[in-house]
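Notes to accompany the following structure.
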Amino acid sequence: MEITHIEHLGIAVKSIEESLPYYEQVLGLKCYNIEVVEDQKVRTAFFKVGQTKIELLEPTSEESTIAKFIEKKGEGVHHIAFAVPSVADALAEAEEKGVKLIDKAPRAGAEGLDIAFLHPKSTGSVLTELCMPGQGK
Ligand code: CO
């Protein structure tokens, strides 16, 4: 698989508002985008750290996988997202190598990215996202 860089780290939080002071006032990062991703039932807040981003994920519903994650494990690092030239190709390669997939095909994520997740059962329990700029960008 051809990974170019870590695109972002996803961090599960109960409340973006309550988390902002740490990221902005302590770490000195600037939140440049807050966006709701309806189909994932999350609200996201983004910070840039070099070419990598921090993505805070706040559940907008109890049905959200983020709500379930926080319930089970508490707030904290939720996933790592690698940038690849083609999500579809990377998924095909991962599947061919026996990796269990959460997404069989790329779907739309926040920030205009096409994204897909590999299953933590195949990744040493690290939820792994593959992403690339979407068709719209
Ligand atoms: Co992500």
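Each principal axis of segment 6-74 carries a Cα extent, and these read 32, 21, 18 Å when sorted largest first. Checking the cross-link pairs LYS41/LYS121; LYS48/LYS100; LYS41/LYS104; LYS41/LYS100; LYS14/LYS97; LYS48/LYS104 against a 27 Å limit on the alpha carbon distance flags LYS48/LYS100; LYS14/LYS97; LYS48/LYS104 as lying beyond it.
Its DSSP H runs of at least 4 residues, each contributing -39,500 (n - 2.57), put the calculated 222 nm mean residue ellipticity of the chain at -5000 deg cm²/dmol, to the nearest 500. Using Cα pairs closer than 8 Å and at least 6 residues apart in sequence, work out the relative contact order for the chain, in percent. Result for the chain is 25 percent. Largest GNM mean-square fluctuation among PRO21, PRO120, PRO106, using the chain with Cα springs under 10 Å: PRO21. The modelled label-to-label distance for the pair LYS72/GLN135, using points 7 Å beyond Cα in the direction of Cβ, is 3.2 nm. Sorting 53-65, 93-105 by their mean Cβ neighbour count within 10 Å, with the most densely packed peptide first, gives 53-65, 93-105. With a cut-off of 15 Å, note down the residues of segment 61-79 whose backbone N falls inside the zone around a label point 7 Å from the Cα of VAL36 toward its beta carbon. 61-64, by backbone N distance to the label point. Could you state the angle between the C-alpha long axis of helix 87-96 and the longest principal axis of the C-alpha atoms of the chain, as a value from 0 to 90 degrees rounded to the nearest 10? So the inclination is approximately 60 degrees.
Each label was represented as a point 7 Å from its Cα along the Cα-to-Cβ direction; for ARG107 and ILE6 these points are 2.5 nm apart. Charges were assigned to the Cβ only: +1 to each Lys and Arg, -1 to each Asp and Glu. The resulting dipole of segment 1-83 about its Cα centre is roughly 220 debye. Relative contact order of segment 1-72, taken over Cα pairs closer than 8 Å and 6 or more residues apart, is 34 percent.
The numbers here are math on the coordinates, done by the rules we state, and not lab data. What you see is a predicted model, and the numbers here were worked out from it, not measured in a lab. No Cβ is skipped: glycine too gets one built from the backbone with ideal geometry, and neighbour counts run over all protein chains shown.
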